[in-house]
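FYI, it's all coordinate maths here, none of it is from the lab. If you're wondering where the values come from, they're calculated on a predicted model, not measured in any experiment. Note that each Cβ is placed from the backbone with ideal geometry, even for glycine, and that neighbours are counted across all protein chains shown.
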Amino acid sequence: MTVYVAPELKPPEPPPEARQLGAWVWLRKNLFNTWYNGVLTVVLAVGIVWGARGAFAFLLSPDRLWGVIPPNATNYAVDVYPRPELTRIWVTLAVVMVLVGLSSATWRPTGKTSWGTILAVVRATGVAAFAVGLLVPPTFVGRNPLLVGGAVLVLLGAVGIRAAGPAAREERLPMLGVLAGVLVLALVVIWLLPVAKTTKVPWTIEVLVLAAAHLVGRPLVRAVGEKTLKVVLSFLWVLSLPVIYLHLERKPVIPWEVVVSWLPWVLPVLVVGYLAILYASRAGRERAAALNALLVVAALAVWFVPSPMVVRLLMLVLVGFTLAAPTFASSGNGRRNFMVGWSGATFFLVYFVTLAVAETGLETQGDFLGGLNLTFLLALGGMLLSFPIGIMMALGRTSTMPIFRLLSTGYIEIVRGVPLITVLFFADKVVPRFLPPGLDFDGVVKAIIAIALFSGAYLAENVRGGLQSIPKGQYEAARALGMTTAQMTMLITLPQALRAVIPAIVGQVISLFKDTSLVAIIGLADFFRVARDIVPNQPASLGSQIENLVMAAVVYWIFTFSFSRASLRLERKLGVGTR
Amino acid sequence: MGKKLTLLTAVFALVVAACGGGAEETTTTTAAPEPGETTTTAPAPGGGDAGAGGGGAEQAGGSLLDTVIARGTLNCGVNETLAGFGFKDETGQFVGFDVDLCRAVAAAVLGDADAVKFEPLTAAARFEAVNSGLIDLLSRNTTWTQSRDTDLGLDFGPTTYYDGQQLMAKKADGFTADSPLTDIAGAVVCTNAGTTTEKNITEASAALGLDITLQTFEDFNIVMENFKSGACDVVTTDGSGLVSRKATDPAGDEWVIFPSVPISKEPLGPAWKQNDSVWGDVVRWTVYAMIIAEEKGITSANVDQMVANPPDGEAARLLGASEDEIQTKMGLPADAFYQVIKQVGNYGEVFDRHLTPLGLNRGLNALWSDGGLLYAPPAR
Amino acid sequence: MTQSRIDATQTRPPLWRNVTFLKWATQIGVLVGLVVLAWILISTALRNLEAQGLSLDWDFLTDPVGIRLGEGIFTQPASGLEAFATAIVNMLRVTASGIIAATILGVLVGISRLSSNWLLSRSATAFVETIRNIPLLIQIVFWFFLMTLFFPTLEVDASGPAPGWLIVSRKGVSIPWLFPTEVFWQWFVFVAGGAWAARRVYRRRIELLEETGRETHPGRWALGTFVLIAGLGWFAHPIAGALGWLFALVAAVIAAIPDFAFQLLFAAVSIWLGARWIRRFLDSRRTPAGLARLTDDDYFRMGLAGVLGLAGAAVFVAIPQITSLITDVAHFVFAFLDQKFDFLRTGVPLRLGRPEVVVPGRFPQIGDTGMTMTPNFFGLWVGVTLYTAAFIAEIVRGGILAVPKGQTEAGMALGLKRSQVLRMIILPQAFRIILPPMGNQYLNLAKNTSLGIAIAYAELVQVGQTLFNQTGDTIQVFLIWMAFYLTVSLVLSSIVNWYNRRVKLVER
């Protein structure tokens, strides 16, 4: 039957019949291919229609107090953050936008899409809108707009697809352009329709900043080089989190007089640090060890003599550097990196501590962390802090040292065995009992630490899985090269392990984001608590419990769903986790 | 705030330190106490007095009054989830009857009703907040009881709102305002957790030998939803809460509050750490000044005329308009109570601003001359 | 390791360069540091508690408490112990029923996601994506509201209360149920014995099948054995009352032996365990050529084991309360069991209870004759079930996809139907892949029941919080929480691990 046909003689034909017969064939194939599938389809369809009608009738009934949601939008976002200072939040958002824009220019997502796909999305949206229009109660004012709008979209999509013909399926539209189009569309919507009435100007500026950063980023990539920019941006992303949160809470002005008053302390430590790193990396192991012992004693001693906090912290960092120096900085290149690292660490430490002791500059009525702002702080702060905990515990659990192994295993298993809410209660109610009177942490700090301790145990198990997935040959090769345990861990095994478990870690961040809602139970004003307790107890909003719950569910869903979609894409792009 | 940020920073620093010294195997337990040490030592090197809310200093001998004046703000513990008494409005401001008492005290002590840092507290956390020095004044619908006054180490000010626990049921179930408590036999009774209401209804029903099912929820909104749907037969909480719900709900006309004599007395008022009579006098007389102002018809609108033209000697003394005023002897500015009335208002104004819209009448909280219980000692 | 062995054969390095020594010095240093830290914290806590007029004792477990619980075995607990017992039973009820329901639903949804029916697979996907991406806390509150809003109100017929078969109302759902009577435990002995005998018979019949190659109907035989013994026990259960004597005897013996004897016994066991570890360790180092050279590391390990054994013994001798607690619990358990068995008790082990509406006062309520699900239970149960089912569905889907496609094709080629291929070829293989992550989901479900606090379901965290709000005994309540949840985790994960091993063994 089959004969050889040269490919160029027989151009690939699209299967026209299946497309033309269209809906009917599709239905036969996908919904009614067997008798039981047919029954199932009918039953399901009836169930879905019944359920959706009920849900819409309930949600759109005139008894619902949806009116209380829009005026409280700012409360949901930031709770009691002083309104005149909201600019700071916009500024920090702009910082993120700049980073996003630069990153998009640097990493250049290469995805492409076609007109056909876009039109199909338009058509599907139309179908969905029309269906919703059919299902909503007839009294609902938005019913006709939904029906008409849906029909228009369906027509638009269908006609577009037909008009474009086979060309519609060519994938030549860059994804980035489509995203830009969506953003422009969103801007048009907020300027034309009565949504985001008070915030349309800042939102527009944010989008413009994003676009500008992307446009600036392109020549920048050419000028600086892609690789360098990627490294720099990665650092900036990590650093942006603390910087942003300090700026949300502090007056974004560095108190120079404080910095100057610290210089006589900081400069000597900086110089001593250079010398110590130099010495530790050059002198023999024994001498370096002696120096380290000396530095450890000094670092502990400064905590007992009056000295600025920044020096105490700097000394701890310095000990870390010199301890690692003989192992990692023995080459000229490594030494240079260590010097740069030490300078950078000093700079940022001084920066953070300076801002931390500065005044907030906020005309505030009280604790101003709340709403989504707090939810994000808890999730990001908890995650960031859980990394050192998780990595240390994973190393401890896989270590050959039995006591460390026992301690880490015990920690991991105990924390994983109890619910998060008990850990939060522990931080809130039990920890103060163990501290001297008068010394208690702020509720937010306690919650972050509790979340980090909790999440760290799970992270440890993920990292352990990564460590165990590394082929034995890697260990043996590292040994054969004469690496010490520390070198092997830091340079060979840990980086591979972390890379292998990126999907698991992202999954954990997502579940952490949802879990932060538990802090509402211990009384922190996070997004969920604002929606559950604070807004429904305003005299004007009494009885709006369900509306607020539904709104909160939708907001959480939007965030979590987009995170998980983004992480899927990241996973595919990195090509990890599939091995 | 200084504390919190320093801690956050310390924690970030620890991350850096931990990463730098990653080769070394340390355990988290050693990392945990360090932020603690940071808190105690942090304010010293920082900008000297920068925002350090030192908790323990005033215990030595001085009064909270000196602490508050030195700090320049009043730390006040309030509710954030009770309509009318303490809540956050759409603009993120703390508002309410109890909140205005904090503002009044701040106006008296600091001359600025906005110089308050509000600390939203849960029912369970409020007393520890007073004892740990986190707040100077607790104004969070707190019932004055013997055990709290003595055992918990608090002092209570004059009652600002006379309340009493009552129950609410539906007229359709045959309840009237005179229904006795025994009518709830066999009912599902719902209330909010962590307060005295739970204990009161347990004791009251046990004393009458009633067999009821008690459901306690963290949030009174859930209680109300269940009551409306019929999952709860009867709800109980302070009368003010019931009245406001009844008045603001569309279905409120079908409900009835009973028994006419509440099952408990709930005198709500401000509280502070015990054995601080200087501070106690300030809070007490701020409340009295607001009551006396109402007696004399002094309002925020006419207070300036009253100062210029005092109706009698008492008013003149209270507003600091005469030489024999007493405020200076209390450690306050002479115009302290003028500021209270000017910036916050008299008792009646505050009541009308926050509670009247919720459908609450003055009732027991009317002036003694109108048949209520508000009776301030004379200012002389 | 290698390095230190080479070192040992040559001249020993100075102590500060001996890797083994440094390792152990660091470990012991950290351990000592932790102990010192713990000591400081605990002494601070004791001082704080004293200053606040509290203490670390457990009196609140036995003292009367003035709380009422929404549901459970003691709704008006007389003591903290009764309150916690109620909470634990409530928590286990949700966990057990949640695990069963979530498994069934999760497997169904997981398979549906792979269905060829477009509507079904899309609905399943929508279900998973919706449920997974909303915090459980919101869902629980939401389901709770749903029940109180959409279910019918509870009403009494004009004819008055009468037992029915099903009550669905805003005050709860009630179904008929078999309740154990006082002789249940005597019968249960026969049920357990029947299960054990059935297992033996099953094995025997399988062996016979393998020997002879004839069909021996192992399943029928096993079932028959079980029904026979359990059925016999239904009438003959008073015979099991003899066990009561045995338990009474054990309890009496425990009570008769003085505590210091137990103390010595436990101390001896502790030392023996340490010694056994060392002996086994030495055995493991023994080669045919004799004892292998022991490294410094080995000596440290053995030393640690010895010290731990001795320390355990010292603790038992120095703190008699630990021993008396253990013996008290053992005595209590046996005395309790003794009460459950009696020759003279006769009757039916199980009793059918049908739900009914009662009117104790002005309001109709669901009587306690049936098995009743309160709105709080419903909210929590539906919440954790759906949430866990969404995750289980993903695990099941992944497991099925992980079975090579050739397996399906081979099954189809053999002429099996799609459903048969799924049931007999795909699912058994997928089962092994999905079992370990399923175990994790069960653990999560058990822990997530703690969110019942949001809708006042009387489980452990809610009751614990109510108690410590009253008494201030936060540390003790937290310890109880931890002990309970860790026990549940341990039990659940051992069951899953045990099952996992069994399933794996069959594969070989």
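Computed about its Cα centre, the charge dipole of chain A is approximately 1540 debye, with only Lys, Arg, Asp and Glu carrying charge at their Cβ. Looking at chain A, which longest stretch skips every one of the chymotrypsin sites (Phe, Trp or Tyr not before Pro) that is in a DSSP loop with at most 10 other Cβ atoms within 10 Å, leaving the sites themselves out? Here the longest run is A:5-303.
Set the Cα radius of gyration of chain A against 2.2 N^0.38 Å, with N its number of residues, and you get 1.19.
When +1 charges are put on Lys and Arg Cβ atoms and -1 charges on Asp and Glu Cβ atoms, the dipole computed for the range A:270-574 relative to its Cα centre reaches about 1280 debye. Spacing of the modelled spin labels on A:LEU568 and C:PHE431, each 7 Å from Cα toward Cβ, amounts to 3.0 nm. Working note: Cα atoms of the range B:165-264, range along each principal axis, descending, whole Å: 35, 28, 23. The amide H of B:PHE217, built 1.01 Å from its N in the peptide plane, has B:THR191, B:ASN192, B:ALA193 as neighbours under 5 Å, considering only residues 5 or more places off or on other chains.
Taking 7 Å steps out from each Cα toward its Cβ at C:LEU350 and A:ARG336 produces label points 8.1 nm apart. Adding -39500 (n - 2.57) for every DSSP H run of four residues or longer, then dividing by how many residues the protein assembly as shown holds, sets the calculated 222 nm ellipticity at -20500 deg cm²/dmol.
With the highest mean first, a sort of the peptides C:203-213, B:296-306 on other beta-carbon atoms found within 10 angstrom per residue produces B:296-306, C:203-213. Summarised as an ellipsoid, the protein assembly as shown has semi-axes of 51, 45, 42 Å, derived from the eigenvalues of the Cα gyration tensor scaled by 5 and square-rooted, with the largest first. Per residue of C:70-77, other chain Cβ atoms within 10 Å of the residue Cβ number 2 on average. Spacing of the modelled spin labels on A:ALA163 and A:MET175, each 7 Å from Cα toward Cβ, amounts to 2.8 nm. If you plug the beta carbon distance of C:ALA192 and B:SER322 into 1/(1 + (r/R0)^6) with R0 = 60 Å, you get a FRET efficiency near 0.05.
The local environment of B:LEU332, defined by Cβ-Cβ distances under 14 Å, has a net charge of -2 under the rule Lys, Arg +1 and Asp, Glu -1. On the beta carbon distance between A:VAL260 and A:VAL195, with R0 = 35 Å, the FRET formula returns roughly 0.10.
Within the protein assembly as shown, what percent of beta bridges assigned by DSSP are antiparallel, to the nearest 5?
Here the antiparallel bridges make up roughly 70 percent for the protein assembly as shown.
Place a point 7 Å from the Cα of A:TYR36 along the Cα-to-Cβ direction; which residues of the range C:393-433 have their backbone N under 13 Å from it? Only C:417-424 pass the distance filter. Report, to the nearest 10°, how far helix A:545-574 tilts away from the longest principal axis of the Cα atoms in chain A, using its own Cα long axis and a range of 0 to 90°. Once rounded, the angle reads 70 degrees. Evaluated with a Cβ-only charge set (Lys, Arg +1; Asp, Glu -1), the protein assembly as shown carries a dipole of roughly 8360 debye about its Cα centre, given to the nearest 20. Working note: Karplus 6.51/-1.76/1.60 with θ = phi - 60° gives the range B:97-106 the couplings 4, 5, 5, 5, 5, 4, 5, 5, 5, 5 Hz, where Gly and Pro are set to x. Each peptide in C:121-128, B:232-239, B:284-291 gets a packing score, the mean of other Cβ atoms within 10 Å over its residues, and the list from highest to lowest is B:232-239, B:284-291, C:121-128. Set the Förster radius R0 to 41 Å, insert the Cβ-Cβ distance between C:VAL253 and C:THR26 as r into 1/(1 + (r/R0)^6), and round the FRET efficiency to 0.05. E(calc), rounded to 0.05, equals 0.25. If you take the Cα centroid of the range C:345-392 and the Cα centroid of the range A:209-266, the two points sit 59 Å apart.
Computed extension gain for C:LYS405 through C:LEU273, at 0.36 nm per residue and net of the alpha carbon distance, reaches 42.4 nm.
For the residues of A:385-392, the average number of beta carbons from a partner chain within 10 Å of their own beta carbon is 5. In loop segments of the range A:156-208 as defined by DSSP, the trypsin sites (Lys or Arg not before Pro) with at most 13 further C-beta atoms inside 10 Å of their C-beta are A:ARG172, A:LYS197. Within the range B:165-264, antiparallel bridges make up roughly 55 percent of the DSSP beta bridges whose residues both belong there. Summary of packing: across the peptides B:331-338, C:252-259, the per-residue average of other C-beta atoms within 10 Å ranks them, highest first, as B:331-338, C:252-259.
Give me C:LYS171, A:LYS29, B:LYS329 sorted ascending by neighbouring Cβ count inside 10 Å, so fewest comes first.
With the fewest neighbours first, C:LYS171, A:LYS29, B:LYS329 line up as B:LYS329, A:LYS29, C:LYS171.
Between the amide H of C:LYS171 and those of C:LEU154, distances stay under 5 Å, these residues lying 5 or more places away or on another chain, with hydrogens modeled in the peptide plane.
Per residue of peptide B:344-353, the mean number of Cβ atoms on other chains within 10 Å of the residue Cβ is 0.
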